[in-house]
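Below is one structure; the comments refer to it alone.
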Amino acid sequence: MLTLKGEIKISGTGLHSGERSSLRLRPCERAGIYFRGRDGLSSAAEAVVEEESRLTAFSLPNGLTVRTAEHLLAAIAGMGLDAIEIELDGTEVPIMDGSAFPFAEAIKECGTCETGKAAPRRSISYPVVVEENGGSRSLTAAPSEKLSVTYVIDYPGTPIGTQLVKYDVTPELFYNIISKARTFGLTYELDFLKKNGLAKGGTLGNALLFDEKGLVGGQELRFPLECVTHKVIDLLGDMTLVGGVPTGHYIAVAAGHSIHGRLMRRLRTLFRQNNN
């Protein structure tokens, strides 16, 4: 199984809390993603996820609460790590530049190495589908020999519009393309976010912001399909909570964190039943 060669230290500001926090990522001798809390280590596979459509937030048996972890978790999965320990000083993972690239870059610079036995690989054996809004929003996990994601977003009447991507996810593709896609939002959403105590740390340096005409504040896209590609980051991060992203083809239509979470819980249940 693949783990880090050494320790990584990362600090920054939380997107929603606006508070400073820091991370330590360490090598681990057993397969899985583990968070260190006041009562020792807990696996991400034990996370109890909050019902929240704007971010991935969860609590762990060791007493730790973690918010906005999806970009970090996606980088861990996307870069192929099988074993890692995470220590978070604070409750929210730093947003950095709004993408998963700072985490992926830190992993690449630290280096990885093989340790212990090969990590078990879960895979999707038959299609699993979750839907919302009468089927207008859906997420399917289908059997595949490789990890693939097809994602469609639709923001009618906005400059984002309809976008579609399909990626066969490898560490190289994740590092060079997928990881660089930043989180995004629309100006008309700002009042909602503020009223709900969110996006206190949001700036034009860590999120793409669109009004009715296009990007505001002189921002520019890193590549044409950056918005929909960021949804791929969110999906990969959320699926790590199954206990590692199961190999399969994920097909998302107008999905988001809430429906990602529903599929994650379905897959957890199915794998648990199959192991009994």
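The values are calculated or read from the model by the stated rules, or taken from the named source; none is laboratory data. Because the structure is a prediction, the values reported are computed rather than measured. Note that each Cβ is placed from the backbone with ideal geometry, even for glycine, and that neighbours are counted across all protein chains shown. Surface accessibility is based on the protein's heavy atoms, side chains included, excluding ligands, DNA and RNA. Shrake-Rupley method; radii C 1.70, N 1.55, O 1.52, S 1.80 Å.
Can you tell me which of Val245, Val232 is assigned to a loop (DSSP other than H, G, I, E, B) and β-branched (Val, Ile, Thr)?
The match here is Val245.
Only one of these conditions is not met by Ala252: (1) within 12 Å of the chain's Cα centre (by Cα); (2) farther than 23 Å from Pro120 by Cα; (3) surrounded by 19 or more Cβ atoms within 10 Å (Cβ to Cβ). Which number is it?
So the condition that Ala252 fails would be (1).
Determine whether Arg268 is among the basic types (Lys, Arg), farther than 13 Å from Ala141 by Cα and either in contact with a Cys (Cβ under 8 Å, 6 or more places away or on another chain) or open to solvent by 10 Å² or more (accessible area, probe 1.4 Å) (or both).
Answer is no for this residue.
Would you point out which residue out of Glu87, Glu105 is acidic (Asp, Glu) and either in contact with a helix residue (DSSP H, G or I) (Cβ under 9 Å, 6 or more places away or on another chain) or within 17 Å of Ile233 (Cβ to Cβ) (or both)?
Among Glu87, Glu105, only Glu105 is acidic (Asp, Glu) and either in contact with a helix residue (DSSP H, G or I) (Cβ under 9 Å, 6 or more places away or on another chain) or within 17 Å of Ile233 (Cβ to Cβ) (or both).
Name the residues in the range 89-116 that are buried (at least 22 other Cβ atoms within 10 Å of the Cβ) and either aromatic (Phe, Trp, Tyr) or in a strand (DSSP E or B) (or both), would you?
Glu92, Phe101, Phe103
Return the only residue of Ser17, Ser11, Ser22 being of a type in the set (S, T, N, Q), at pLDDT below 95 and surrounded by fewer than 20 Cβ atoms within 10 Å (Cβ to Cβ).
Ser17 is the lone residue from the list that is of a type in the set (S, T, N, Q), at pLDDT below 95 and surrounded by fewer than 20 Cβ atoms within 10 Å (Cβ to Cβ).
Residues to consider are Gly197, Gly202, Gly218, Gly261; find the one that is assigned to a loop (DSSP other than H, G, I, E, B) and buried (at least 17 other Cβ atoms within 10 Å of the Cβ).
On inspection, the qualifying residue turns out to be Gly202.
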